[in-house]
Every structure is written in C-alpha cells, then in structure tokens.
Amino acid sequence: MKKFVLSQEDITPAEYSIQYEDLLNEAQLEAVMFDEGSALIVAGAGTGKTRTLVYRVARLVESGVDPTQILLLTFTRRAASEMLRRASQILDERCQRVEGGTFHHYCSKILHRYAEKIGYPEQFTIIDAGDAMDTVNLVRSQVDIPTQKKRFPKKSTLYNIFSTSVNKQMTVRDVIEQQYPQFVNYTETIELLADKYAAYKEQNFVMDFDDLLVKTRDLLRDQQEVRKKVAAQHKHVLVDEYQDTNALQAELTQLFSSIHNNVMAVGDDAQSIYSFRGADHKNMMRYPELFEDTKIIKLEENYRSTQRILDVANRVLKQAGEKFEKELYTVKEKGDMPGLVKAANMNDQSRFLTQMILNLREQGHELNEIACLFRNGRDSFDLEVMLNKKNIPYIKYGGQKFTEAAHVKDVLAHLRVLVNPKDTISWNRVLMLIDGIGPKTAEELFSWAQTGGNPYRPDQAPNTSDRYLTQLKALGNLFSELKKLDGSVPEQLQTVVDYYAKFCKKRFDDHPKRMKDLETFVDISGTYRSLEKMIEEVALDPIEATAIDTETTEKDEPPLILSTIHSAKGLEWHTVFLIQCLDGILPSGYAIDDEEQIDEEVRLLYVAVTRAKEQLFITYPALFQSRYGDYFTNPSRFIEDIEKDYLEPWLLVEESEEEQKQLEE
DNA sequence: GCTGTCTGTCTTTTT
DNA sequence: GACAGACAGC
C-alpha cells in the first residue's frame, strides 16, 4: 500500500475577523493568543477572566480548531453554556459545538461511552447526594451497629465521611481521625459500611458524584488505549475556576490533555471557597509542577467594580491569615460609598432591602441587575416572604433544590423504577408511600421481584395483605399506563402526578403548593428528550427551587437575583446586598475554631464583595430571632475592623419618628 | 411482628 | 424542618 503523508494545513489565518487587540488588555490578549502548551492564568476578581476564556474559545475556533476538539471545563453547567453563548455571539454558531460542562458531566459522558470497559451497562444510574445518603442508610440497616452509649453518625455524616475520603484521597480511617474524632470508636464499623456502600453501587450499577470522577480517572489511567482515544480528542483543554478543583480533578485534567498537551487553567486562589468538598487552592501552586513549561499570565486590572468597592475587598482579604499578594485596582471612578446597614431585626433588614430594590427599579435599574447574597440558603427566608408580598419576582440560586424536595423525589422515583427495575432506593420510596407498607414489606416485595416476580405487577406477589392489595393494583395500573405512554416525558410525568396527588395530600400539610410545583414540573418537562436523560440531568444539574416558577409564569420583568455566596461565584451585578452578615453566620459558627476554615470564610466574604459593580450594601440585624428566643448579635468580625472611611454606616429610621423629629425642629 | 406517630436533637456551603 | 429512636396500636 502506498502512503501519502498529508501535511498540517496552515491553521492560522493571516487575519482574524475579531479585533482582539482592541478589545482586550495586554495580559488578556496574551492569554487569548497563547498558542500551544500549558498556561496558568492567575486572575483576580473582576479582571475579565470569563471574558478572556470566551475570547480564547472564539480565537481557537476562528484559527480553525475543530470546536468539538476543545474541552471547556467549568464549575457549573450554567457557566459553560453562558460562555459558549457569548463566544457564539462574538464569532458564530460553531462555538456552541465546543465540548463543555462540569467535570462531573464530562466524566459521565465518557463513562457512558466506555461503560463496557469497566463492566457497566451503558445505562447505569447516577444518584445525587440525597439518594446516596438513602443508599448509605440501606446498607446501614443491614449491618449490626454496636450499641454503645454514644451516638452513631447519621446517614448524612457517613456519606460526608465517604465523600471526603474520595475527594481528598484519604483513607476512611484518616478522615475519621482528623475530622470526626468523636466517632473513632466506630471506625471499624464505618469502614465496613464504606465497603458495603461501594459494593452495593457496583452490584446495582449505580454511581454517585464521586464515582464519576474516580471511575473516569481509573479508566483513563489503567486503560491506555481508552486514554489515547479520549485525549486525542482534546486539542485544547480549558479549565475555569481552577482554585476550586481537587487532586482528582487535577489528575483528570492531566489525563484529558495527555496527547496534545495544550492546557489552560484559569483561577484565583483568593476566591477558593470549596475546600469542604475537597478542593485545594494549593492546586494552583502545584499546577506548574504538574504541567511542564507552564506559562504563567497574571490578570490584575479590575474592570468590574468601583475603587471604593475594591477598597473594601482589599481590606477584607488582608484579614486572611494566609497572605495574598493581591491589591485590586481599577481605572473606574471612585463610585458611591459602600454602606454598612444595621437593622433592628431581620424584618427591618428585609424592609430595607425591599424598599431599596423598589427605589432602584424606579431609577431604571432592571431587577436582574440587583443581587441579594447570603451565607446559608435559609438566610433569605424572611426576605422571600416580603418579596412575595410586594410582588417582586425573584429567582433564588443555592439552598435546597427543587428536585431535592421530597414530593419531587417521590414522583421521580416512579419514573426511575421504570427505567431501572433494580433501583432499590426508588422502589422503597414508591412502595412505602402506600398505607400499611413499611420497610419490611417493601423489602419483601423487592426481593420477590428480584427472584422472578414482575415488579410492575406488585399485586401478584404472594402473601400480600388485604390492607394494601387494592393500592398495589393501582400501582400496577400506573406502570402499564406509563409503558403505553413511552416516549412522551410530559405525559408520563402527568400520569404519575395524577396518581401521586392523594399521597401528597396525605403526607404534606402544604400539599396545594407542592401539587402546583409538580404541575409546573410537568409543563417544563418537554425539554427532556427521554426519561433516561431527564433522570440523569436532574441529578447532575438540579433545577433551582424558584426557577420553575419564573420560567412558567411569564412575568414580563426579569427577576431579582437571590443567591448563596457559593452559587454567586463568577457572576456580577450593578448592586449587591450582602445580608445577615453576622458573626456565627459569616464566619460560620462551625469555622470559628479552625484557622484554615476562618480563612476560607474571609475568602467567602471577599467573593461576595467583589460581585458588586457600582453599589454594595452589607446589612445585618442587631437582634436575631430564633426558636430558642431572641438574642443580640455581633456583626461579622470581618467587617467590624473595616474603618468607617471605607464602609459607611447607615442608620434606619422609621418614617413616623423622622416626621416627629422634623416637627420638633 | 410490623407500621405509624410522637418526641427530642441538630440545623453550611454543592457537583 | 429533617431525622433517628422510642413506643403504642393494629
């Protein structure tokens, strides 16, 4: 056979259609134009990190790189699609074809493709943290727990121990000794449970979030031909938010890029806020050791915030025990003084926010240019009540997800067993809804189905009591109905919701609200192409709790943004309110004894502050109302030391009092 | 023997 | 408001 060697086409066009040098500063341009090899972009907050990545994607595509050969790894699905949308706007639709998403998404894609290489069926099940905890509980119930006086860790703690051990690549024993010393007596039992949990997942073809990373790493590390195939596909690998990756993800980055060796990681060590998930911002320092000849490019000029906001941010960061050589600066004008607002109580805080927001709206600001940030998901409950009263539309990111709520999980469980009849956890949910069926009966029905019984006709099982036979028949009918509707997700979902209505009524006092949720879920479910897809998407990319309302109720106004600080990462708004800035909340009470954790809380405040472009308000209530009674609180220790010249104190005065004062004058 | 309900405890951040 | 353990009722 004759061989003809094709030479590489000249992929660099003489001229670009985009005027990069006019649109970017010097450092950004260097990053965008960086050719081949390894680069680390160290980018302070607001220095145009996302912009740089967006332009780099456009530049690569414009240079002739096949978009499907670019891998863009981001922290959330939202971030990836937003970046690709912007790149498409700058260049053209080709950018949408870039391979992008979270590490978890991309790993799941690889594992589906190479499932048979690791002895899994193509359709394995991905479980979210809640299902994982239920699974832990299931194996826990099969093991004798030594009855000592001391408490045994509950399912969420157990799952956290297992997950930490994976993400920090430590043994279960070490995790317990270092982070859960109160449970050292149970070490052996916990280790046994870890093994059982792993075995359960293997047997039932189930993977939790951590498995997605580990199994992909193992696959690519141990099976060279797969690694070569996968890595050959990645001409360029781009990783965003590198400061929040863990050792496992660093390893994956290395494996993904191991053929072409073109990697660019972007991050800011001062914004590392995910160590609880095993992320290690020292990953950034180690990057040059991992990738040879790394070019380091620093982005330092801030384009987002006014100087006065940056002054606050710089002062926040100085309080970290760990020294950051960072001093953000901007050429923007000084701007308004950031405000420190002391409210008498939580309700006043909410009133202040609502009224300020309405004022801003009157001044012509869109609601989605305003964000209200907080440390914990529940810190916004009081505000949410007031926003609802005042009819201010909002969307909340962070906190409990819509698809994690019990009623949604119940409904989904019926569809999950349809896709995977071996899904024990979902069978338990489905069966235990029925009156008279508890863990024991559910277990019996399940093992009958596993040994030849038809799981979709549970009424045919032997020894079923009359108490629930009719209900089992109804369940059987539901399944045959669902099978008839195969192919239409909304219709299947509607059928389950109809069936579920009576259980919902019985189980929950607030069933009208929950049923309304489910109806809107049906409405948006048309976007899922199949049940399998829906189940996987819902686990990997759960719908935000309030997103579902805003999507369907066609409000002509874009909604206000409420978000946990963690979920606000990478985003920016004209005005930012940081509420509940109290000691014990930010920093969290859990962090107070540990220097490293306190530092992370400092960085968290830093992230919150640097989200603001023009206006920043930090608010806190003087009185904290809890179920155990009201008590006076201290503002966050991090803001107490910031001088008045940087953070201007605001006083909230009641209208009636003000009038009174004016009369006296 | 199993299920359902009552009571006390603890409540971070997310893929 | 969720969870685990205790206990009463079928």
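At-a-glance table
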item	result
Condition check for A:LYS390: within 16 Å of DNA strand B (Cβ to nearest atom), open to solvent by 20 Å² or more (accessible area, probe 1.4 Å) and touching a residue at least 24 places away in the same chain (Cβ under 8 Å)	no
Count of residues meeting criterion [open to solvent by less than 10 Å² (accessible area, probe 1.4 Å) and in a loop (DSSP other than H, G, I, E, B)] in the stretch A:202-239	2
Only one of A:LYS323, A:LYS342, A:LYS298 that is of a type outside the set (S, T, N, Q), surrounded by fewer than 22 Cβ atoms within 10 Å (Cβ to Cβ) and at pLDDT below 90	A:LYS323
Odd one out for A:ALA279, checked against (1) part of a loop (DSSP other than H, G, I, E, B); (2) more than 16 Å from DNA strand B (Cβ to nearest atom)	(2)
Selected residue (only one of A:LYS502, A:LYS513 is in a helix (DSSP H, G or I), open to solvent by 50 Å² or more (accessible area, probe 1.4 Å), closer than 17 Å to A:PHE402 by Cα and among the charged types (D, E, K, R))	A:LYS513
Residue, modelled with the highest pLDDT, within the stretch A:617-655, restricted to residues that are closer than 26 Å to A:ARG603 by Cβ and of a type in the set (S, T, N, Q)	A:THR619
Any hit, the stretch A:268-284, residues being modelled with pLDDT of 90 or more and more than 27 Å from the chain's Cα centre (by Cα)	no
Top-ranked residue in the stretch A:90-138 [being among the hydroxyl-bearing types (Ser, Thr, Tyr) and under 20 Å from A:THR424 (Cβ atoms); ranked as farthest from DNA strand B (Cβ to nearest atom)]	A:TYR120
Sole residue being open to solvent by less than 50 Å² (accessible area, probe 1.4 Å), in a strand (DSSP E or B) and small (Gly, Ala, Ser), chosen from A:ALA265, A:ALA250, A:ALA198	A:ALA265
Residue count, the stretch A:301-320 (criterion: open to solvent by 20 Å² or more (accessible area, probe 1.4 Å) and part of a loop (DSSP other than H, G, I, E, B))	4
Test result for A:LEU29, of a type in the set (A, V, I, L, M, F, W, C), over 27 Å from A:VAL331 (Cβ atoms) and either in a helix (DSSP H, G or I) or open to solvent by less than 10 Å² (accessible area, probe 1.4 Å) (or both)	no
Selection count, the stretch A:387-419, where residues are touching a Phe, Trp or Tyr at 6+ places or on another chain (Cβ under 8 Å) and more than 16 Å from DNA strand C (Cβ to nearest atom)	4
Number of the exception - A:THR495 against (1) polar (S, T, N, Q); (2) in contact with an Asp or Glu (Cβ under 9 Å, 6 or more places away or on another chain); (3) open to solvent by 40 Å² or more (accessible area, probe 1.4 Å); (4) more than 16 Å from DNA strand B (Cβ to nearest atom)	(3)
Residue count, the stretch A:100-143 (criterion: assigned to a strand (DSSP E or B) and touching a residue at least 60 places away in the same chain (Cβ under 8 Å))	3
Top-ranked residue of the stretch A:65-91 - restricted to ones that are under 19 Å from A:ALA539 (Cβ atoms) and part of a helix (DSSP H, G or I), ranked as least open to solvent (accessible area, probe 1.4 Å)	A:ALA80
Some residue of the stretch A:395-412 being over 22 Å from A:ASP509 (Cβ atoms), modelled with pLDDT under 90 and away from DNA strand B (no atom under 14 Å from the Cβ)	no
Selection from the stretch A:436-466 of residues that are loosely packed, with under 14 Cβ neighbours inside 10 Å, within 13 Å of A:THR424 (Cα to Cα) and more than 11 Å from DNA strand B (Cβ to nearest atom)	A:SER447, A:GLN450
Residue among A:LEU340, A:LEU383, A:LEU353 that is under 22 Å from A:PHE632 (Cα atoms) and part of a strand (DSSP E or B)	A:LEU340
Candidate set from the stretch A:578-629 (those that are within 20 Å of A:CYS372 (Cα to Cα) and of a type in the set (Asp, Glu)); member that is nearest to DNA strand B (Cβ to nearest atom)	A:GLU601
The stretch A:522-567 - residue that is at pLDDT below 85, closer than 20 Å to A:ILE357 by Cβ and away from DNA strand C (no atom under 16 Å from the Cβ) and, of those, most open to solvent (accessible area, probe 1.4 Å)	A:ASP556
Qualifying residues in the stretch A:312-348 (those that are of a type in the set (Asp, Glu) and in contact (Cβ under 8 Å) with a residue 40 or more places away in the chain) - the one farthest from A:ASP382 (Cα to Cα)	A:GLU322
Search result, residues across the stretch A:111-170 that are open to solvent by less than 30 Å² (accessible area, probe 1.4 Å), aliphatic (A, V, I, L, M) and within 30 Å of A:GLU251 (Cβ to Cβ)	A:LEU111, A:ALA115, A:ILE126, A:ILE127, A:ALA132, A:VAL136, A:VAL139, A:LEU158, A:ILE161
Inter-residue pairs, beta-carbon under 9 Å, first in contact (Cβ under 8 Å) with a residue 60 or more places away in the chain and in the stretch A:365-377, second among the basic types (Lys, Arg), 6+ apart	A:LEU367/A:ARG361; A:GLU369/A:LYS613; A:ILE370/A:ARG361; A:ALA371/A:ARG611; A:LEU373/A:ARG611; A:GLY377/A:LYS396
Close pairs from the stretch A:524-545: first part of a helix (DSSP H, G or I), partner of a type in the set (S, T, N, Q), Cβ under 6 Å, at least 6 apart	A:VAL538/A:THR403
Qualifying residue in the stretch A:154-165 (condition: away from DNA strand C (no atom under 16 Å from the Cβ) and outside any helix (DSSP H, G or I))	no
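The values are calculated or read from the model by the stated rules, or taken from the named source; none is laboratory data. Everything numeric in this text was worked out from a predicted model, so none of it was measured. Neighbour counts are summed over all protein chains in view; Cβ atoms, including those assigned to glycine, are modelled from backbone coordinates with ideal geometry. With ligands, DNA and RNA removed, areas are computed over all heavy atoms of the protein, side chains included. Shrake-Rupley method; radii C 1.70, N 1.55, O 1.52, S 1.80 Å.
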